[in-house]
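Below: the structure, in structure tokens.
The values are calculated or read from the model by the stated rules, or taken from the named source; none is laboratory data. Not measured: the values here are computed from a predicted model. Here the Cβ positions follow ideal geometry from the backbone for every residue, glycine too, while neighbour counts run over all protein chains shown. Accessible surface areas use protein heavy atoms only, side chains included; no ligands, DNA or RNA. Shrake-Rupley method; radii C 1.70, N 1.55, O 1.52, S 1.80 Å.
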Amino acid sequence: MSSPVIKKTTTESKRAEQNRAAQRAFRQRKERYVKELEAKVNSMADWPARMERLEKENQQLRDYIAQLESGQQEERLEKTKGLDTLDDLMSILKTHHRPPIPSRPSHP
């Protein structure tokens, strides 16, 4: 039979090997995690410049929309002026004497 000292030494060495493996795995996970964080930081490095470009583009688009809306309002005003003139003409025609419209002769 094996002595208790040998069993204890074998158990301790197995346990020590498990601890080393666990530590190695932890270091590898930690290293992988740090590398992922560094990659994220690097990819985010250009964000301020990108944000500035997008803000400028957004303002340009807002200005363009304002110009379009302003042009549409001017068109509406022009159309409204035309309608006012048409309404004025209709009013003049209704109030001034006009010869009656001859009726169609009826056939017996």
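One line per residue, one yes/no per condition, for (1) part of a helix (DSSP H, G or I); (2) modelled with pLDDT of 95 or more; (3) open to solvent by less than 100 Å² (accessible area, probe 1.4 Å); (4) in contact with a strand residue (DSSP E or B) (Cβ under 7 Å, 6 or more places away or on another chain):
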position	(1), (2), (3), (4)
Arg20	yes, yes, no, no
Arg29	yes, yes, no, no
Asn42	yes, no, no, no
Ile65	yes, no, yes, no
Glu75	yes, no, no, no
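Does the range 80-90 contain at least one residue that is modelled with pLDDT of 80 or more, assigned to a helix (DSSP H, G or I) and of a type in the set (D, E, K, R)?
No: zero hits.
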